[in-house]
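Following: one structure in structure tokens, then a few remarks.
The values are calculated or read from the model by the stated rules, or taken from the named source; none is laboratory data. Values in this document were obtained by computation on a predicted structure and should not be read as measured data. For neighbour counting, all protein chains shown are included, and Cβ atoms are generated from backbone atoms with ideal geometry for every residue, glycine included.
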Amino acid sequence: MALTKITKHIVHGATIVQVRYKDFADGSWATGGTENSWGSITITPQYADSTTDIMFSGVLSTEHHETTSPMGSAFLDIDGTNEYTITHVTRQGNMSFSYEQYGNRNGSSLVMSHRVRFGDTNLHTITIQVNTDGGSGTLRAYDGFILVKEIAGGILGANATNTFVTNR
């Protein structure tokens, strides 16, 4: 009987190859312009032409909730490169969003969604960072959760110009 070579074939269509997720610990940082790491997750794509879908959510708040409170910003970095930024996430004033059965959090809801096609099968690190523009008080981060999916074959933005996906 002849030996048959088994190879890995790229799957096309809406096939989720892998899913990784992580619950970030709550954090607090003194105000200032430094980007502070809230947390990170790694992924190694199994296919070079797959699309990686990143979803992050959390709550940012400042300590004083008054006119001297700093404005907070959030950053999604991939391998040390800033891919996605939301500025002025926190604002002056007390903001409350009740979203769970046990109470509420004072702060601003933060949601980030980003897609990227790495073009390789190397290990990649996705980091969420936060900072403030100054002011007084402390920047606090609560309930951070990140979900990273690899979708085979480039189903998202599978046109010739890759209009909907960031190629790296």
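Starting from residues that are surrounded by fewer than 21 Cβ atoms within 10 Å (Cβ to Cβ) and among the β-branched types (Val, Ile, Thr), keep the ones in the range 51-77 and report whichever is modelled with the lowest pLDDT.
That would be Thr67.
Can you work out which of the residues in the range 80-111 that are of a type in the set (A, V, I, L, M) and modelled with pLDDT of 75 or more is surrounded by the fewest Cβ atoms within 10 Å (Cβ to Cβ)?
Val111
What are the residues in the range 115-144 that are surrounded by fewer than 14 Cβ atoms within 10 Å (Cβ to Cβ) and either under 15 Å from Tyr47 (Cβ atoms) or at pLDDT 90 or above (or both), if any?
Selection gives Gly119, Asp120, Thr121, Asn122, Leu123, Thr125.
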